[in-house]
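Undergrad: Just passing along the structure, written as structure tokens.
No lab work stands behind these numbers, since they all come straight from the coordinates. Quantities reported herein were computed from a predicted structural model and do not represent experimental measurements.
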Amino acid sequence: MVNHEEATTSGETQFQLLEHQVAGHGGVLSVGEGKMVAKPLIKREQEFYEASGQCAKFKAFIPEYYGTLQQQDGDGSSSTADSSYICLENLTDGYEKPCILDVKIGTRIHDIDATPEK
């Protein structure tokens with residue numbers, strides 16, 4: 001398990017697409033036995049999870065943050081430019097047909113750093 005630091009994986013760790021993802025950014029992976037998900041790393045999201053660990057009351061409402069992961073090919077080189085991931089608790093683990101509500105709070109539906117196309 002990854003624990004609040006960057007780790008490197010070899011071909012031994014099993015990555016597969018998250019089975020129950022229906023929306024959002026693509027490329028979310030289920031890791032190992034499915035207890036953890038690996039999302040393509042977005043620096044701002046990483047900073048959020050690292051800062052949220054400081055507030056125990058808020059932490060009860062978000063998935064456990066395990067740190068970051070660097071996926072590598074068998075020869076030790078990064079497999080792609082997008083091979084860095086943020087690792088989180090898989091809240092859907094153990095459910096046959098999970099139903100998740102992703103609530104956005106605020107008045108703006110786009111990130112202030114979003115491109116004009118978005």
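Undergrad: Mind checking the full-extension length gain between GLU45 and ALA114? Use 0.36 nm per residue of separation minus the Cα-Cα distance, one decimal, nm.
TA: That works out to 23.5 nm of additional length.
Undergrad: Determine the gain in length on full extension of the stretch VAL103-LYS59; use 0.36 nm per residue of separation and subtract their C-alpha separation, reporting nm with one decimal. Walk me through the numbers before you get to the answer.
TA: Working: separation 44, 0.36 × 44 = 15.84 nm, distance 1.62 nm.
Result: 14.2 nm gained on full extension.
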